[in-house]
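A.B. asks: Sharing a structure, written as structure tokens. Questions coming.
Every number here is computed from the coordinates shown, using simple stated rules; none is lab data. Fair warning: this is a prediction, and the values are worked out from it, not measured in the lab. A quick note on method: Cβ atoms are made from the backbone with ideal geometry, for glycine too, and the neighbour counts reach across all protein chains shown.
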């Protein structure tokens, strides 16, 4: 896996490209000297958690022949000062699913994602605790 970075302007706006040619804009927020023309690197980390766990859950639920009519996730991260850096300490993921989905299967899919499959959250485990909640058809099933 390889990513290339190209500086776009005289500040902190970058375009990052993967080997398949997909481009993501990264920038710093304006209050930190950027032009706010893209997501921040730490926002991309949270996006990675959301995307990775969503792929896992949808894959698991599809294999179990569950019909997903809507799938959304919300991710929030709490950071802590460690020297000059501010890594994530706690990350909370809320999955919002709709459809005729078995409750136990939805919960199990989330559990398997974070305990076994999601490489992004596994990468963060040494420094951050990932909590998750599953909401199915507007009913909260779990909070961990």
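A.B. asks: Between residue 133 and residue 31, what is the label-to-label distance in nm when each label sits 7 Å out along the Cα-to-Cβ direction?
C.D. replies: Spacing of the two 7 Å Cα→Cβ label points: 2.5 nm.
A.B. asks: Give me the distance in nm between label points sitting 7 Å out from Cα along the Cα-to-Cβ direction at residue 140 and residue 68, one decimal.
C.D. replies: 2.2 nm
A.B. asks: Divide by every residue of the chain the summed helix terms, -39500 (n - 2.57) for each DSSP H run of at least 4, and state the resulting mean residue ellipticity at 222 nm, rounded to the nearest 500 deg cm²/dmol.
C.D. replies: -8500 deg cm²/dmol
A.B. asks: How much length would be gained if the chain were fully extended between residue 103 and residue 22, taking 0.36 nm per residue of separation minus their Cα-Cα distance, in nm to one decimal?
C.D. replies: Gain on stretching residue 103 to residue 22: 25.6 nm.
A.B. asks: Please report the relative contact order for segment 41-99, taking Cα pairs under 8 Å with a sequence separation of at least 6, and give it as a percent rounded to a whole number.
C.D. replies: 34 percent
A.B. asks: Of the beta bridges DSSP finds with both residues in the chain, what % are antiparallel, to the nearest 5?
C.D. replies: 75 percent
A.B. asks: Report the extension gain between residue 79 and residue 55 in nm, rounded to one decimal, defined as 0.36 nm multiplied by the number of residues separating them, less their alpha carbon distance.
C.D. replies: Full extension of this stretch gives 6.1 nm more.
A.B. asks: Grab the Cα-Cα distance for residue 94 and residue 5, subtract it from 0.36 nm times how many residues apart they are, and report the gain in nm with one decimal.
C.D. replies: Numbers: separation 89, 0.36 × 89 = 32.04 nm, distance 3.11 nm.
Contour length minus Cα-Cα distance gives 28.9 nm.
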